[in-house]
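K.L.:
Before anything else, here's the structure in question.
The values are calculated or read from the model by the stated rules, or taken from the named source; none is laboratory data. On a predicted model such as this, the values are computed, not experimentally measured, just so you know. Glycine also receives a Cβ, built like all others from the backbone with ideal geometry; neighbour counts cover every protein chain displayed. What goes into the accessible areas is simple: the full protein's heavy atoms, side chains included, and nothing from ligands, DNA or RNA. Shrake-Rupley method; radii C 1.70, N 1.55, O 1.52, S 1.80 Å.
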Amino acid sequence: MAATPECSNRPRDLPINEFTDHDELGVELDRIERVSEGAVDVEQVGRSTRGREIWSARVGTGDKVVLLTSEIHGNEKTGTDAILDLLEWVGTKDTRKARQWREELTIVAIPKMNPDGAELSRRGNDLTWQEVTARHPQLRQSAPAWNYYSTGSYEELPGFDTNRDYNPDLSYVPQPEDFPGSSAEAGWYITPEASTVRDVYRGLEAEFGEVNTYVDLHHQGACYVMPEDPEEFVTMSISGKFIDEPDPEYADDYDVDYAKQLNVAVYNQLQAAANRRPLFGNITLYPQDVDLPGTGLGSFALNGSGSVLFEVRGQTQTLGQKYRAVLTRTVYIGLDGMLSAVASGRVDDLDPADYDAIPPRGPNIGTNSAEDFMLLGPDNILED
């Protein structure tokens with residue numbers, strides 16, 4: 001019997017130059033817009049705290065709206081490259097499948113939500129509590145939000161986990177009594193990143209009536225293994241459940257079965273790809289015992305979108321560029337399967353019960369210690 005492979009989640013100073021940085025993203029989006037002859041429409045939809053552009057790219061004219069976001073955590077980078085590959089393909093190809101996507105779907109992608117955090121290659125953005133209260137004076141006497149990082153590696157440049165700054169009330173205005181809050185509560189739209197995505201989402205709702213599907217692309221720890229084979233690392237975990245029990249005001253719009261069908265489409269496509277490369281088959285369910293109304297996935301699910309989480313293996317501090325190509329391809333194949341199922345209508349024929357048969361994520365076999373995590377700060381959080 002082979003020995004269990006060694007693995008460490010301990011962050012290291014690893015190269016990331018092969019990933020797409022902010023300036024390269026702007027150049028690449030301009031190029032894709034040009035070679036697609038305008039089929040891909042690029043727009044600046046916001047700015048980060050430090051003035052960097054937040055871009056969206058839109059392709060297709062269909063009435064099924066799919067919103068894709070990536071790199072809300074700045075050290076989770078493969079989704080950005082996968083989105084660029086997908087945008088170029090759907091915007092330039094004249095195949096039957098590409099034409100069907102353009103006719104049936106409107107795909108809107110925000111490929112680098114957190115450009116400040118991305119340039120720092122860290123989870124959080126670059127925003128102080130003082131800057132928040134300057135924008136929202138009503139919060140000056142409030143305790144800082146629970147997801148505010150200002151110690152350890154964030155002491156010199158504080159910031160927020162912007163993936164906890166969403167609220168299912170898309171018109172919500174920050175209220176002092178709602179701070180500091182908690183992971184089980186909704187967020188506040190105090191960061192420019194979450195506010196920008198909320199505004200794009202609201203604009204699409206106003207234009208189309210609903211956003212059919214929302215996908216958020218993330219990374220998780222490097223050392224999770226398959227539940228039945230501890231010698232095989234998990235390539236990606238997926239999920240469609242982020243709310244334990246919807247509040248009555250959102251219950252009519254919440255459709256977890258549709259989210260499960262979307263995830264089944266992702267899973268099936270990757271299992272088929274595993275015939276060519278077995279790593280593509282190492283797909284598990286992300287833990288289901290979560291209640292996260294403060295995430296984009298939770299908030300938009302409560303507004304009626306089928307929501308899908310991708311969590312690929314390893315962050316830049318644990319794997320760096322290692323496996324970059326295969327992990328980017330994993331994201332692309334999963335998106336391909338899901339978007340094809342939505343465009344063709346086949347997603348409606350998938351059985352939500354198949355979602356529950358996807359294997360659960362196995363244990364974390366990392367050799368990291370609790371002390372490592374305490375010393376190196378919140379970039380070591382392994383979950384979404």
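K.L.:
So if each residue of separation counts as 0.36 nm, and I subtract the Cα-Cα distance between Asp169 and Asp257, what length gain in nm does that give? The partial results should precede the final answer.
P.N.:
Values: separation 88, 0.36 × 88 = 31.68 nm, distance 2.20 nm.
Here the segment from Asp169 to Asp257 would lengthen by 29.5 nm.
K.L.:
Another question, then. Which percent, nearest 5, of DSSP beta bridges in the chain are antiparallel?
P.N.:
Working: 19 of 42 bridges.
Approximately 45 percent, going by the DSSP bridge assignments.
K.L.:
Follow-up. Assuming a ≥ b ≥ c are the square roots of the Cα gyration tensor eigenvalues, decide whether the range 218-332 counts as rounded (a/c under 1.5), prolate (otherwise, with a/b larger than b/c) or oblate. Mind dumping the intermediate values first?
P.N.:
Working: a/c = 2.29, a/b = 1.84, b/c = 1.25.
Prolate, because a/c is 1.5 or more and a/b exceeds b/c.
K.L.:
Kindly identify the range 181-233 as rounded, prolate or oblate by the Cα gyration tensor criterion: order the square roots of the eigenvalues as a ≥ b ≥ c, call it rounded if a/c is under 1.5, otherwise compare a/b with b/c, prolate if a/b is larger, else oblate. It would help to have the intermediate numbers written out before the result.
P.N.:
Details: a/c = 3.28, a/b = 1.95, b/c = 1.68.
Note, shape of the range 181-233 comes out prolate.
K.L.:
Continuing with this model, one more query. Please compute the per residue accessible area over the chain with all protein chains in place, 1.4 Å probe, rounded to a whole number of Å². Walk me through the intermediate numbers first.
P.N.:
Working: 15520 Å² over 384 residues.
Value for the chain: 40 Å² per residue.
K.L.:
Distance in nm between label sites at Arg276 and Lys97, each 7 Å beyond Cα in the beta-carbon direction?
P.N.:
0.9
K.L.:
What is the Cα centroid distance between the range 24-76 and the range 188-204, reported in whole angstrom?
P.N.:
Their Cα centres are 15 Å away from one another.
K.L.:
To the nearest 500 deg cm²/dmol, what mean residue ellipticity at 222 nm is calculated for the chain from DSSP H runs of n ≥ 4 alone, each contributing -39,500 (n - 2.57), summed and divided by the residues?
P.N.:
Working: 12 runs with 129 residues, N = 384.
Helix contribution divided over all residues of the chain: -10000 deg cm²/dmol.
K.L.:
Still on this model: Loop only by DSSP, 10 or fewer other Cβ within 10 Å of the Cβ. Give me the GluC sites (Glu not before Pro) in the range 171-274 that pass, ordered by residue number.
P.N.:
Values: sites: Glu177, Glu185, Glu193, Glu205, Glu207, Glu210, Glu228, Glu231, Glu232, Glu249; in loops: Glu185, Glu210, Glu228.
Hits after loop and neighbour filter: Glu228.
K.L.:
Okay, next question. Of the heavy-atom accessible surface of the chain (probe 1.4 angstrom), what whole percent is carbon and sulfur? Don't skip to the end; give the middle numbers.
P.N.:
Numbers: 7090 of 15520 Å².
About 46 percent, which is the carbon plus sulfur part of the accessible surface.
K.L.:
Near the amide H of Ser239, under 5 Å away, which other amide H atoms are found, from residues 5 or more places off or on another chain, if H is placed in the peptide plane?
P.N.:
Under 5 Å from the amide H of Ser239: Tyr286, Leu309.
K.L.:
Which of the peptides 275-281, 288-294, 326-332 is most tightly packed, and how do the rest follow, going by the mean number of other Cβ atoms within 10 Å of each residue?
P.N.:
Details: 275-281: 14.0, 288-294: 18.6, 326-332: 21.3.
Packing proxy ranking, top to bottom: 326-332, 288-294, 275-281.
K.L.:
Between Asp13 and Asp247, 0.36 nm times their residue separation minus their Cα-Cα distance comes to what? Mind showing how you got there, number by number?
P.N.:
On the way: separation 234, 0.36 × 234 = 84.24 nm, distance 4.34 nm.
Using 0.36 nm per residue and subtracting the Cα-Cα distance, I get 79.9 nm.
K.L.:
With the cut-off at 22 Å, tell me which of the pairs Lys112/Lys241; Lys64/Lys93; Lys64/Lys260 have Cα atoms farther apart than that. Before the final figure, lay out the partial values.
P.N.:
Working: Lys112/Lys241 24 Å; Lys64/Lys93 20 Å; Lys64/Lys260 17 Å.
Cα-Cα > 22 Å for Lys112/Lys241; rest within.
K.L.:
Can you compute the FRET efficiency between Lys322 and Glu53 using 1/(1 + (r/R0)^6), with r the Cβ-Cβ distance and R0 = 25 Å? Round to the nearest 0.05. Please report the intermediate quantities before stating the final value.
P.N.:
Numbers: r = 30 Å, r/R0 = 1.18.
After rounding, the FRET efficiency stands at 0.25.
K.L.:
Sequence neighbours fewer than 8 away in the same chain don't count; with that in mind, list the lysines whose C-alpha is under 18 Å from Lys322.
P.N.:
Hits, sequence-local ones excluded: Lys77.
K.L.:
What full-extension length gain, to one decimal in nm, is calculated for Ser182 and Gln44 as 0.36 nm per residue of separation minus the Cα-Cα distance? Can you show the working numbers first?
P.N.:
Values: separation 138, 0.36 × 138 = 49.68 nm, distance 3.15 nm.
Length gained between Ser182 and Gln44: 46.5 nm.
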